[in-house]
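K.L.:
My questions all concern the structure below.
Taken together, the values in this text are just the output of simple stated rules run on the coordinates, not laboratory data. Worth saying up front: this structure is predicted, and the values here are computed from it rather than measured. Glycine gets a Cβ as well: all are built from the backbone with ideal geometry, and neighbour counts include every protein chain shown.
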Amino acid sequence: MKVAVLGSEGQLGLSLKHQQPLDVDVTYYNHKECDITKIIDLKKCLNQHYNFVINASGYTDVEGAEVCPDLAYAINAKGVDLLAMVCAQYNIRLIHISTDFVFDGLSSSPYLITDKTNPINVYGQSKLEGENYVFKHSSYNQVIRTSWLYSPWQNNFVLSIIKLLQNNKYISVVDDEIGSPTSALSLASYIWHQIMHNCFEVSPIVNFCNKGFCTRYQFAKTIAKLAIKYHIILNKVKILPTTAKQLNMLAKRPAYSVLQCDVANNQTWQIELQKIISKLAG
């Protein structure tokens with residue numbers, strides 16, 4: 001079994017490395033080693049008889065995508081088109097990571113894989129276009145949609161909140177966006193399980209998120225509680241609820257983006273969050 005991971009220095013790429021099974025031959029490529037927007041890079045790196053390519057790369061700056069839409073589309077859409085084309089040429093199965101932001105957030109129940117997509121920001125639109133390109137060249141591939149991803153590494157909501165808690169007496173967090181926080185380590189374990197047990201005939205698109213849901217405000221409150229428990233922060237910081245409108249951000253976010261996920265042995269977001277916080281505490 002030979003696997004290539006693209007985006008090796010992102011939080012999912014690092015999580016895949018951390019959770020890698022012992023009996024899999026994996027090559028990790030960072031952005032400089034394999035830029036998915038350059039076909040010469042893709043052909044050079046992927047002409048190695050791989051069974052799978054995991055695309056953990058992507059442009060994930062939701063606000064930045066509104067300012068630089070061409071860059072977001074170049075990586076999340078056009079780059080995926082090139083990647084899927086090369087994978088098809090080399091008979092490699094592509095596993096591509098997508099997002100809950102392909103939905104508009106108007107639902108009041110968890111989104112099914114069959115629900116109509118309708119992204120409301122550039123990031124979501126570019127990711128949806130990327131999903132379509134995944135299947136343009138081969139029905140052999142799979143898209144995994146996930147949500148509110150975080151890890152002990154890189155930039156994410158958990159690390160940002162902890163930093164704010166360490167440096168402020170109070171912070172404000174939106175209380176009108178609902179989703180399912182998901183540990184990148186748990187997503188990495190799921191991906192490896194899919195590969196090792198050849199579970200890709202179940203559906204071309206699957207949802208993976210940790211069980212349960214919350215608002216970002218509730219998520220931040222839980223992060224603060226655990227950060228105090230594990231002595232990452234020493235003093236209680238007041239966390240104030242606010243609204244997305246009050247923060248006046250460039251990109252609209254789905255108000256409700258919970259994904260229906262029926263993965264066996266999947267833990268709640270609270271349990272997975274505690275694992276990450278304890279890991280940060282050393």
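K.L.:
How long is the gain from Asp176 to His197 if the chain were fully straight, where each residue apart is worth 0.36 nm and the alpha carbon distance is subtracted?
P.N.:
3.7 nm
K.L.:
Oh, and also: Using a Gaussian network model of the chain whose springs link C-alpha atoms within less than 10 Å, name the residue from Thr27, Thr146, Thr182 with the highest mean-square fluctuation.
P.N.:
It is Thr27.
K.L.:
With labels modelled as points extended 7 Å from the Cα through the Cβ direction, what inter-label distance (nm, one decimal) is found for Lys236 paired with His18?
P.N.:
A separation of 3.0 nm, rounded to one decimal place.
K.L.:
Separate question: State the answer as a single residue: which of Leu94, Tyr150, His137 lies farthest towards the positive end of the charge dipole of the chain, with beta carbon charges of +1 for Lys and Arg and -1 for Asp and Glu, about the Cα centre.
P.N.:
Most positive-ward Cα: Tyr150.
K.L.:
Roughly what angle does helix 184-196 make with the longest principal axis of the chain, taking Cα atoms, 0 to 90 degrees, to the nearest 10?
P.N.:
30
K.L.:
Thr215: net charge of surrounding residues, Cβ under 10 Å, Lys/Arg +1, Asp/Glu -1, itself excluded?
P.N.:
Overall, the nearby charge balance is -1.
K.L.:
Ok, one more. If each of Lys245 and Asp25 carries a label point 7 Å out from its Cα toward its Cβ, how far apart are those two points in nm?
P.N.:
Result: 5.8 nm between the two label points.
K.L.:
How would segment 231-282 be classified by its alpha-carbon gyration tensor: rounded, prolate or oblate, with rounded meaning a/c under 1.5 and the a/b versus b/c comparison settling the rest?
P.N.:
Oblate shape, in that a/c is at least 1.5 and b/c is the bigger or equal ratio.
K.L.:
Once every DSSP H run of n ≥ 4 in the chain is given -39500 (n - 2.57) and the sum is divided by its residues, what mean residue ellipticity at 222 nm do you get, rounded to the nearest 500 deg cm²/dmol?
P.N.:
-11000 deg cm²/dmol
K.L.:
Using the structure shown, select from Lys116/Lys275; Lys127/Lys236; Lys78/Lys116; Lys2/Lys279 the pairs with a Cα to Cα distance greater than 26 angstrom.
P.N.:
Distance filter (> 26 Å) returns Lys116/Lys275; Lys127/Lys236; Lys2/Lys279.
K.L.:
Let me ask you something else. Say we join alpha carbon atoms closer than 10 Å with springs in a Gaussian network model of the chain; which of Glu131, Glu272, Glu33 then has the biggest fluctuation?
P.N.:
Evaluated over the chain, the most mobile residue of the options is Glu33.
K.L.:
Right, next: Extension gain Gln260-Lys211, at 0.36 nm per residue separation less the Cα-Cα distance, in nm? Could you put the intermediate results ahead of the total?
P.N.:
Details: separation 49, 0.36 × 49 = 17.64 nm, distance 0.91 nm.
Going from the current span to full extension adds 16.7 nm.
K.L.:
Dipole size in debye (nearest 20) for the chain around its Cα centre, Lys and Arg Cβ +1, Asp and Glu Cβ -1?
P.N.:
820
K.L.:
Okay, moving on. Starting from one equal scatterer on each C-alpha and no solvent at all, send me the Debye-based log10 I(q)/I(0) for segment 87-217 at q = 0.16, 0.19 Å⁻¹, two decimals.
P.N.:
-0.92, -1.21
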